[in-house]
Each structure stands twice: as C-alpha cells, then as structure tokens.
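**Q** Shown below is the structure under consideration.
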Amino acid sequence: MEKLIKSWENLPLPPEELERKREKLRRLFEEVLTVLGYDWKNDPNMVDTPRRMAGMLLELVEGNFSPMPPITTFDLSAMDGAPVPVPVFVGPIEIKSLCSHHFLPVVGRVYFEYLPSERVLGLSKIPRVIKWLARRPMIQELFTRQVIKTFKELLPETKGMAVYVKAKHMCMTVRGVNESGAYMVTEAFDGLYEKDENLRANFLRKVGE
C-alpha cells in the first residue's frame, strides 16, 4: 500500500516511483478534462494538456518527494582570530508554492536572519532549503514556523533566528474575493530575537530596505 503523507511532510521517492505518479496523474487529468466537457484529444491546444498538468503539479510539490539539499557548515571557532558572530541576513528569497486548500499558486518572498554561535551555514544553502520547504502544499503560517524549525535542527547552537514571509495567494486573487492587490505577511522569531527588541527592529528594517 502506498504511504500517504501530510502536506508539509517529506518522503523522498526514487525516479521510477515519481514516473509512476506522473503517469497516474496524466490519466486522471485526461478524465478531468473529459468531465468538464472538453474534446481535448482533437483540440491542438489541449492535446498535451494532461501531460503538462501532471508535470507541473509534480514540479510544484517536489519538496514533498525530494531529499533536503546538501548542507555545508563552517566552524567559526576554528578560524584565526575567532571572529565575533554577527547576524547573517539573506533575502529576498523568491518562493513558488501551492495553497493546500485550493491547490492554486502562492508566490512570494522570504527574508531570513540568524545569529550564529560557532558554526555558520554555507550562504547558498539558506535559499536552497527555503525553496525546498516551499515546494509543497502550504499554509503560510505553518511554512513560516517550519523555516525556523528546520534551521534550528541544522544549527541547534544558533543564538536566534527571524523569518519574514510576504506572498500573494492566487486562491484569493483569482477566485473568491478576487482581491488581486492583497499580500499575506507572516513573521516568526526564535531565541534572542524573541527577547531583544533591537534585534527584531534591525531585522525588520533590513526587510523594508
């Protein structure tokens, strides 16, 4: 029996299993178009739509089924002069995801900062991990906390972290209330960022620049 996962979970799959999913999805999308009443097999604009839809959906949820990107860390204490740790700010990081309620796109930007102790992450690893976390059905509130949780597991000795997410949800902009100009903003703080108002203010100032 195929194992089922929650929308925020990760279960890496081998290429052959992903290909089986792609083929099942293609057949299901053929049925969807037929139920909607489209003569898609004889429509030159839709004849390949089931295949494209299957590939698109697997691409947008690849964070569920691919392993975490490789992580590199560096030991500050081993360097000559043992530099005093300073906040590391990265952003904006573009994310493309799906709303877990309607499976419509979520497009936004993430800003992340952490205050290292003795180890720092390789700079490019931060956006890679955040994009990987975003490539699955999400609710933004949970995703924001998941960013903090994931980086705390990678760097448990870190003194504090902050994350800010600003995104447009197509479930609100193209349907329902049809509010195309609205963004959703979420933020989360951990460690010293929860206690130190100056740290939080400096982080949010950089977000706004």
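**Q** Based solely on C-alpha atoms, express the radius of gyration and the Dmax of the stretch 96-209 in angstrom.
**A** Spelled out, the Cα radius of gyration and Dmax of the stretch 96-209 are 15.0, 49 Å.
**Q** I would also like to ask the following. Taking 25 Å as R0, compute the FRET efficiency from the Cβ-Cβ separation of Thr34 and Phe103 and round it to 0.05.
**A** 0.80
**Q** Roughly how big is the chain's charge dipole about its Cα centre, with Cβ charges of +1 (Lys, Arg) and -1 (Asp, Glu), in debye to the nearest 20?
**A** 300 debye
**Q** Please determine, in degrees from 0 to 90 and to the nearest 10, the orientation of helix 197-208 with respect to the longest principal axis defined by the Cα atoms of the chain, where the helix direction is its Cα long axis.
**A** In the chain, helix 197-208 runs at an angle near 50 degrees to the longest axis.
**Q** I would also like to ask the following. How large are Rg and Dmax for the chain when calculated on the C-alpha trace, in angstrom?
**A** 20.4, 71
**Q** Mind checking which of Tyr114, Ala167, Val86 is farthest towards the positive end of the stretch 73-208's charge dipole, using Cβ charges of +1 (Lys, Arg) and -1 (Asp, Glu) about the Cα centre?
**A** Ala167
**Q** Relative to the longest principal axis of the C-alpha atoms of the chain, give the angle of the C-alpha long axis of helix 49-60, reported between 0 and 90° and rounded to the nearest 10°.
**A** Result, in degrees: 20.
**Q** One quarter of the convex hull surface, Cα atoms only: what value does that give for the stretch 72-148 in nm²? It would help to have the intermediate numbers written out before the result.
**A** Values: hull surface 20.9 nm².
Taking the Cα atoms of the stretch 72-148, their convex hull projects to 5.2 nm² on average.
**Q** Rg to Rh ratio, the stretch 15-65, alpha-carbon atoms and Kirkwood radius?
**A** Details: Rg = 11.7 Å, Rh = 11.4 Å.
Answer for the stretch 15-65: 1.03.
Values quoted throughout were computed directly from the atomic coordinates according to the rules given, and no laboratory measurement underlies them. Bear in mind the structure is a predicted one, so any value in this text is a computation, not a measurement. Note: ideal-geometry Cβ built from the backbone for every residue, glycine included; neighbour counts use all protein chains shown.
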